[in-house]
Amino acid sequence: MLKRKKCPYCHRLFVPNPRLKERQKTCGRQECRRKQKRLSNKEWRSLHPGYFRGIYLQQKEVYGTRAEYKKQYRRKNPEYVRRNAVFVSKYRDRRRKAPSEAVSPTSCDLMLSVWKETGNVSITHVSHTSRDILVTVSQIET
């Protein structure tokens with residue numbers, strides 16, 4: 001078993017993830033991970049000081065920004081713009097609808113639709129979790 005380590009940010013003891021072994025530096029709390037990421041980014045930038053001044057600016061000059069690319073793409077592809085507008089409108093409509101009422105597991109309002117050309121079907125078991133109602137259906141042999 002791995003030894004417990006002390007988080008350098010919140011000073012809590014934690015057991016490192018066995019897959020990361022000794023490489024895990026923080027306890028895993030979001031604030032500590034953010035601080036570690038900031039430090040890591042700062043170190044990387046100090047090791048690569050010209051990265052955002054050299055190649056990055058040349059590429060930006062050749063390819064433009066993402067916003068410019070998207071504007072250009074939309075001009076060239078009006079069908080994409082139309083399909084996206086329809087998708088966004090349907091998505092917003094779904095979000096605006098009121099949430100449906102929860103069905104109680106003891107409710108008689110449980111509806112079951114079965115499409116079968118021949119034979120009889122019976123419900124053999126009904127159970128529920130906090131989010132779902134599970135129904136086990138079996139076919140009755142005639």
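Since every read-out is calculated from the coordinates, none of them should be taken as a lab result. Just so you know, these numbers come straight off a predicted model, no measurement behind them. No Cβ is skipped: glycine too gets one built from the backbone with ideal geometry, and neighbour counts run over all protein chains shown.
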Inset, instruction - Exactly one condition in (1) assigned to a helix (DSSP H, G or I); (2) more than 24 Å from the chain's Cα centre (by Cα) is not met by residue 8; state its number. - result: (1)
Legend entry - Pick from the stretch 16-70, criterion of a type in the set (Asp, Glu) and over 30 Å from residue 6 (Cβ atoms), ranking: nearest to the chain's Cα centre (by Cα): 68
